[in-house]
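Visitor: Structure below; questions to follow.
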Amino acid sequence: MKTVYVGITGDLVHPGIVNIIHQASLHGEVLVGLLTDTAVVRYKRLPYLNYEQRRQVIESLRDVSRVVPQEEWSYIPNLRRYRPDFIIHGDDWKTGILAKERENVYRVMEELGGSVIEIPYTPGINATAFAGSLTSIGTTPDIRLKTLRRLIDAKPVVRIMEAHSGLSGLIIEHMEIPKEDGIHRFDGMWSSSLTDSASKGKPDIEAVDITTRLQDLTQILECTTKPVIYDGDTGGITEHFIFTLRTLERNGISAVIIEDKTGLKKNSLLGTDVEQHLAPVEEFCEKIQRGKKAQVTGDFMIIARLESLIAGKTVDHALERALAYVEAGADGIMIHSNEKTGGGIEEFCRRFRRQYAKIPLVLVPTTYNHLTESELARWGANIVIYANHMLRSSYPAMVQAARTILEHERSLEADKLCMSIKDILELIPGTR
Ligand code: SPV
Ligand code: MG
């Protein structure tokens with residue numbers, strides 16, 4: 001019996017997929033190479049269903065003989081490994097991102113003594129078109145919550161951007177840039193205490209309560225599908241933290257980051273210019289432990305944030321605390337610094353990684369912003385957060401528009417600073 005290889009994501013089984021699998025079965029046994037999350041995220045968004053769920057669905061199709069993981073975006077490694085007699089593909093790969101891959105597949109199949117079968121692509125039905133409509137359908141709290149852990153597993157570095165409104169969330173949801181190594185996009189959103197407070201005209205001192213912050217967060221959740229990491233400040237007193245955590249979890253937030261400070265919290269970027277106090281280690285460990293006990297799902301993450309370097313302490317100090325927090329049950333560690341060089345961060349990451357190879361490590365490179373994501377990933381970072389850039393970029397634009405109108409006593413001159421009326425009317429689907 002001949003074997004026919006079909007590479008698919010299998011997130012949605014639509015007539016196009018059924019057709020290609022059926023066509024494949026006419027030539028031999030169907031071997032499905034099911035793309036893993038890691039393979040998919042190079043070019044596309046994370047599938048809604050995880051690998052196991054997709055495998056179950058695809059394996060149950062009558063024409064499928066066997067399902068194997070395709071760990072890379074490229075078909076080549078699996079073709080060399082399984083040496084099928086045929087590979088079948090829709091003819092839509094003649095153009096676009098798969099065109100180069102098509103050439104390679106032809107070359108390798110010839111080398112292996114097999115051949116390529118191309119079938120007409122089923123117009124109007126494809127997974128990418130479905131993914132677009134899924135965004136408009138939305139997500140569920142359960143799916144959204146689980147997505148962060150899947151992204152950490154699937155990507156060398158998870159890229160998170162600050163959102164403080166539905167509109168900023170929408171930019172993060174849709175922004176995509178094609179690059180040589182795939183399509184780059186933001187993986188999720190950071191709900192920042194600094195920008196949540198500043199956008200309400202309040203200081204970043206835990207003065208904006210969870211109920212108020214959740215109202216804005218709800219707007220973001222209503223128009224996006226990507227995961228959210230919530231800046232939980234100090235978490236407040238432990239008895240209150242438990243309620244906050246449950247509220248976040250119930251709403252499909254993936255993780256809360258709490259910082260090891262106590263008393264009146266000030267923004268970390270102020271460093272030692274203001275009086276700030278580190279929490280006693282035992283007290284903070286207890287907060288983590290009680291939080292872990294209180295969460296309902298196994299997926300929600302409590303990430304412990306170290307303020308040692310912010311408080312002018314040493315890397316040793318931070319490391320000692322990091323180990324205590326992990327032992328207390330923290331699902332991840334964030335190390336912060338307000339130095340331009342990121343002094344101590346690299347050393348911390350490397351030493352932490354020697355102790356714990358797998359615990360997710362979060363960095364917020366606001367001041368050491370000359371370092372790229374891949375450099376930070378090399379140190380051992382799993383998540384990079386751009387913590388305030390949506391608000392910091394929009395505020396100067398608003399100031400300039402307001403000043404221009406005031407100066408000219410009309411809005412003509414300010415128009416060139418603004419998006420057109422046509423554009424704003426078309427920005428949100430359904431406005432017309
Ligand atoms: C925030 O965004 O509120 C943060 C990060 O906590 S920082 O402002 O750098 O402290
Ligand atoms: Mg904060």
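Taken together, the values in this text are just the output of simple stated rules run on the coordinates, not laboratory data. Not measured: the values here are computed from a predicted model. Every residue, glycine as well, gets a Cβ built from its backbone with ideal geometry; the counts of neighbours run over all protein chains shown.
Visitor: Okay, helix-only estimate at 222 nm for the chain: each DSSP H run of n ≥ 4 adds -39500 (n - 2.57), divide by all residues, round to 500 deg cm²/dmol; what do you get?
Guide: Estimated from H runs of four or more residues: -13000 deg cm²/dmol.
Visitor: Pick out which of Gly33, Gly114, Gly342 has the largest mean-square fluctuation in a Gaussian network model of the chain, springs linking Cα atoms closer than 10 Å.
Guide: Gly114
Visitor: If you don't mind, another one. Output the relative contact order of the chain, whole-number percent, from Cα pairs under 8 angstrom with separation of 6+ residues.
Guide: Value for the chain: 12 percent.
Visitor: Also, quick follow-up: On a 0 to 90° scale, report how tilted helix 15-25 is relative to the longest principal axis of the chain, with both axes built from alpha carbons and the result rounded to the nearest 10.
Guide: 40
Visitor: With the cut-off at 32 Å, tell me which of the pairs Lys179/Lys266; Lys313/Lys358; Lys179/Lys422; Lys292/Lys340 have Cα atoms farther apart than that.
Guide: Where the Cα-Cα span goes over 32 Å, the pairs concerned are Lys179/Lys266; Lys292/Lys340.
Visitor: Please report the Cα spread of segment 236-373 along all three principal axes, rounded to whole Å, starting with the longest.
Guide: Principal extents (largest minus smallest coordinate, Cα): 40, 34, 26 Å.
Visitor: In terms of the Cα gyration tensor, with a ≥ b ≥ c the square roots of its eigenvalues, is segment 138-387 rounded because a/c is under 1.5, prolate because a/b exceeds b/c, or oblate?
Guide: Judged from the Cα gyration tensor, segment 138-387 comes out rounded (a/c under 1.5).
Visitor: I need the trypsin sites (Lys or Arg not before Pro) found in segment 376-410, filtered to DSSP loop residues with at most 13 other beta carbons within 10 Å of theirs.
Guide: When the trypsin sites (Lys or Arg not before Pro) of segment 376-410 are filtered for loop state and at most 13 Cβ neighbours within 10 Å, Arg410 remain.
Visitor: Between 0 and 90 degrees, rounded to the nearest ten: what's the tilt of helix 238-250 against the longest Cα principal axis of the chain?
Guide: 30
Visitor: May I ask for the angle, rounded to the nearest 10°, between helix 315-328 and the longest principal axis of the chain, with both axes built from Cα atoms and the value confined to 0 to 90°?
Guide: With rounding to tens, the tilt is 70 degrees.
Visitor: Sticking with this one: In whole Å, how far is the Cα centre of segment 263-310 from that of segment 353-370?
Guide: Cα centres, segment 263-310 to segment 353-370: 16 Å.
Visitor: Right, next: Pick from Ala322, Ala24, Ala99: which residue has the top mean-square fluctuation in a GNM of the chain where Cα pairs under 10 Å get a spring?
Guide: Maximum fluctuation in the GNM of the chain, among the listed residues, is at Ala99.
Visitor: Any chance you could run the full-extension gain for Thr95 through Ile177? It's 0.36 nm times the residue separation minus the Cα-Cα distance, nm to one decimal.
Guide: Contour length minus Cα-Cα distance gives 27.7 nm.
Visitor: Treating only the Cβ atoms of Lys and Arg (+1) and Asp and Glu (-1) as charged, compute the dipole magnitude of segment 297-409 about its Cα centre; round to the nearest 20 debye.
Guide: 260
Visitor: Follow-up question, since we're still on this one. Can you give the % of DSSP beta bridges in the chain that are antiparallel, to the nearest 5?
Guide: Percent antiparallel among DSSP bridges in the chain is about 10.
Visitor: Still on this structure: With a 10 Å cut-off between alpha carbons and a GNM built on the chain, which of His408, His89, His370 moves the most?
Guide: His408
Visitor: Can you tell me the relative contact order of segment 138-387? Whole percent, Cα pairs under 8 Å, sequence separation 6 or more.
Guide: Relative CO of segment 138-387 lands at 20 percent.
Visitor: At what distance in angstrom do the alpha carbon centres of segment 142-218 and segment 220-250 lie from each other?
Guide: So the separation of the two Cα centres works out to 12 Å.
Visitor: Further question: Do you know the relative contact order of segment 3-129, to the nearest whole percent, from alpha carbon pairs under 8 angstrom that are 6+ apart?
Guide: Result for segment 3-129 is 30 percent.
Visitor: Which cross-chain or sequence-distant (5 or more) residues have an amide H under 5 Å from the amide H of His277, H modelled 1.01 Å from N in plane?
Guide: Distant-sequence amide H within range of His277: Thr262.
Visitor: Per the Kirkwood formula on distinct C-alpha pairs, the Rh of the chain is how many angstrom?
Guide: One over the average 1/r among Cα pairs gives 24.0 Å for the chain.
Visitor: Sticking with this structure for a sec: Hey, got the Cα dimensions of segment 3-129 along the principal axes, in Å, largest first?
Guide: Ordered largest first, segment 3-129 gives principal extents of 36, 30, 28 Å.
Visitor: Loop-only check: which GluC sites (Glu not before Pro) in segment 349-424 are DSSP coil with at most 11 other Cβ within 10 angstrom?
Guide: Taking segment 349-424 and a limit of 11 other Cβ atoms within 10 Å, the loop GluC sites (Glu not before Pro) found are Glu409.
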